[in-house]
Amino acid sequence: MVGHIHSIETCGTVDGPGMRFVVFFKGCPMRCLYCHNPDTWDPAGGEEHTAEDLLEQFESLRDFYANGGITATGGEPLMQIDFLIELFEKAKAKGIHTCLDTSGVTFHRDNPELLAKFDRLMNCTDLVMLDIKHINPEEHLKLCKQPNDNILDFAKYIDEHEVDIWIRHVIVKDITLVDSYLDELGYFIGGLKHLKALDCLPYHSMGVVKYKNLGIDYPLKGMKPLAKEDAIHAREIILAAAKRRRQDDAAKQS
């Protein structure tokens with residue numbers, strides 16, 4: 001089996017714990033207004049790799065990744081779930097830490113065949129970095145052109161399978177930088193027992209040049225990068241709501 005890979009980064013430091021071998025998968029059904037990798041949307045093209053040759057590259061630098069592992073990102077790795085499963089199963093057989101960076105957009109519990117694949121994937125995944133783009137269903141549809149009910153359900157599914165979860169949330173002025181939405185998000189993730197970390201990522205415009213090179217209009221033209229203090233403010237609101245959720249859950253059980 002071959003995977004269609006956009007690119008590989010051998011020195012990833014923000015894609016999971018430790019130093020990471022980061023594999024960028026081709027294909028993504030999301031069209032997030034702030035996406036900085038529009039060159040990964042098309043599932044076609046890219047380089048063809050087998051799981052074996054990716055692992056050979058990892059093994060050639062294994063000492064370098066002693067405290068890290070492999071991260072699958074994109075694009076959306078779940079668009080190539082069969083190849084992703086093969087890569088992660090073979091990585092786990094070699095004792096390699098596996099991290100999935102995903103939006104969870106392809107997850108659906110009502111598809112038994114697909115659910116069986118997700119069950120198999122969870123069995124060989126050490127960490128899921130889940131990008132929750134927006135907690136509000138209507139705003140999520142505006143932002144990403146996709147619904148979010150299955151994404152939020154995926155968060156619960158990961159938790160049920162006792163896989164560690166890192167939540168990533170991009171903070172954009174007037175879109176996600178809204179106190180009520182941040183509070184709602186925090187209250188939701190506070191219910192995840194295996195939540196290990198929260199990254200609030202300030203919006204940046206570094207991907208604009210890619211849109212120009214692809215001949216695509218940039219949706220957030222004129223939007224200024226978010227100030228660091230705004231991202232800190234957003235994180236404080238989310239964490240306070242998550243703490244409140246845990247207190248509420250504890251009170252219900254007592």
- Message: Cys144 - would you say it is buried (at least 20 other Cβ atoms within 10 Å of the Cβ), over 21 Å from Met1 (Cα atoms), modelled with pLDDT under 95 and not small (Gly, Ala, Ser)?
- Response: no
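For the structure I just gave you, tell me whether Met223 is touching a residue at least 24 places away in the same chain (Cβ under 8 Å) and over 22 Å from the mean Cα position of the chain (by Cα).
Considered against the rule, which asks whether it is touching a residue at least 24 places away in the same chain (Cβ under 8 Å) and over 22 Å from the mean Cα position of the chain (by Cα), Met223 comes out as yes.
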- Consider Leu239 carefully, then state whether it is of a type in the set (A, V, I, L, M, F, W, C) and either more than 30 Å from Tyr157 (Cβ to Cβ) or touching a helix residue (DSSP H, G or I) at 6+ places or on another chain (Cβ under 6 Å) (or both). no
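Take the residues in region 226-254 that are outside any helix (DSSP H, G or I) and of a type in the set (Gly, Ala, Ser); name whichever of them is modelled with the highest pLDDT.
Ala227
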- Query: Of the conditions (1) buried (at least 18 other Cβ atoms within 10 Å of the Cβ); (2) within 17 Å of Met129 (Cα to Cα), Tyr181 fails just one. Which one is it?
  - Reply: (2)
- Determine which single condition Leu192 fails, assuming it passes every other condition in (1) farther than 20 Å from Ile232 by Cα; (2) touching a residue at least 60 places away in the same chain (Cβ under 8 Å); (3) of a type in the set (A, V, I, L, M). (2)
- Going through region 15-63 one residue at a time, which ones are closer than 17 Å to Ser103 by Cα, surrounded by fewer than 19 Cβ atoms within 10 Å (Cβ to Cβ) and touching a Gly at 6+ places or on another chain (Cβ under 6 Å)? His36, Pro43
- Residue hits (region 175-214; in contact with a His (Cβ under 7 Å, 6 or more places away or on another chain), part of a loop (DSSP other than H, G, I, E, B) and at pLDDT 95 or above) are Thr176
- Task: Give region 197-223 a look and list any residue that's buried (at least 16 other Cβ atoms within 10 Å of the Cβ), closer than 20 Å to Met129 by Cα and not hydrophobic (A, V, I, L, M, F, W, C), or say none.
- Result: Pro202, Tyr203
- Item | Residue identified as modelled with pLDDT under 95 and among the basic types (Lys, Arg) among Arg62, Arg31, Arg20 | Arg62
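Tell me yes or no: at least one residue of region 175-188 is in contact (Cβ under 8 Å) with a residue 40 or more places away in the chain and among the β-branched types (Val, Ile, Thr).
Yes; the residues of region 175-188 include at least one that is in contact (Cβ under 8 Å) with a residue 40 or more places away in the chain and among the β-branched types (Val, Ile, Thr).
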- Query: What is the one condition in (1) in a loop (DSSP other than H, G, I, E, B); (2) touching an Asp or Glu at 6+ places or on another chain (Cβ under 8 Å) that Ile5 does not satisfy?
  - Reply: (1)
- Given (1) part of a helix (DSSP H, G or I); (2) in contact with a strand residue (DSSP E or B) (Cβ under 6 Å, 6 or more places away or on another chain), number of the condition Ile165 does not satisfy: (1)
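Matching residues to (1) surrounded by fewer than 22 Cβ atoms within 10 Å (Cβ to Cβ); (2) touching a residue at least 40 places away in the same chain (Cβ under 8 Å):
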residue	(1), (2)
Asn111	yes, no
Leu121	no, yes
Thr125	no, no
His134	no, yes
Pro137	yes, no
His169	no, yes
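The values are calculated or read from the model by the stated rules, or taken from the named source; none is laboratory data. All of these numbers come straight from a predicted model, not from anything done at the bench. Here the Cβ is made from the backbone with ideal geometry for all residues, glycine too, and neighbour counts use every protein chain on show.
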